[in-house]
1. Any chance region 2-11 includes a residue that's assigned to a loop (DSSP other than H, G, I, E, B), modelled with pLDDT of 80 or more and either within 22 Å of residue 105 (Cα to Cα) or out of contact with any helix residue (DSSP H, G or I) (no Cβ under 9 Å at 6 or more places or on another chain) (or both)?
2. Go through region 58-75 and report how many residues are in a strand (DSSP E or B) and over 12 Å from the mean Cα position of the chain (by Cα).
3. In this structure, does residue 49 turn out to be closer than 21 Å to residue 118 by Cα and either modelled with pLDDT of 70 or more or exposed (fewer than 10 other Cβ atoms within 10 Å of the Cβ) (or both)?
4. Identify, please: which residue in region 95-122 is closer than 23 Å to residue 85 by Cα, outside any strand (DSSP E or B) and touching a strand residue (DSSP E or B) at 6+ places or on another chain (Cβ under 6 Å) and is, among those, modelled with the highest pLDDT?
5. Residue 25 is checked against (1) surrounded by 12 or more Cβ atoms within 10 Å (Cβ to Cβ); (2) at pLDDT 80 or above and fails just one. What number does that condition carry?
């Protein structure tokens, strides 16, 4: 087989591979929802869960990072790369947080191609 034909075959195979593995080439931005109690007694340890939703999840197109912040300070961040993607297009992460005063929790995730739908926020109130 001539070298030129081999190169063409290799390029076509590469393009087909990329199309097959990039199943969600036109996916949406990464979005997040937060699950946490609305109010707790002071000193309570709460579980804050985030659910990240993204249509693509492969080495080419995936969630790049997700994070949780409390009162505008990042408390947990998960970073991903082409070699270490999330386990699925929709996944959950959680943290434990002791709440002594009312707090604002925000979370956000980012697609490595399309970006983020922006941060979502909730308030956790403290009762006596």
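The values are calculated or read from the model by the stated rules, or taken from the named source; none is laboratory data. Note that the structure is predicted; figures quoted are calculated from it, not measured. Please note: Cβ atoms are built from the backbone with ideal geometry, for glycine as well, and neighbour counts cover all protein chains shown.
1. The answer is no, given that none of the residues of region 2-11 is assigned to a loop (DSSP other than H, G, I, E, B), modelled with pLDDT of 80 or more and either within 22 Å of residue 105 (Cα to Cα) or out of contact with any helix residue (DSSP H, G or I) (no Cβ under 9 Å at 6 or more places or on another chain) (or both).
2. 5
3. yes
4. Once the filter is applied, the top-ranked residue is 119.
5. In the conditions (1) surrounded by 12 or more Cβ atoms within 10 Å (Cβ to Cβ); (2) at pLDDT 80 or above, residue 25 misses (2) alone.
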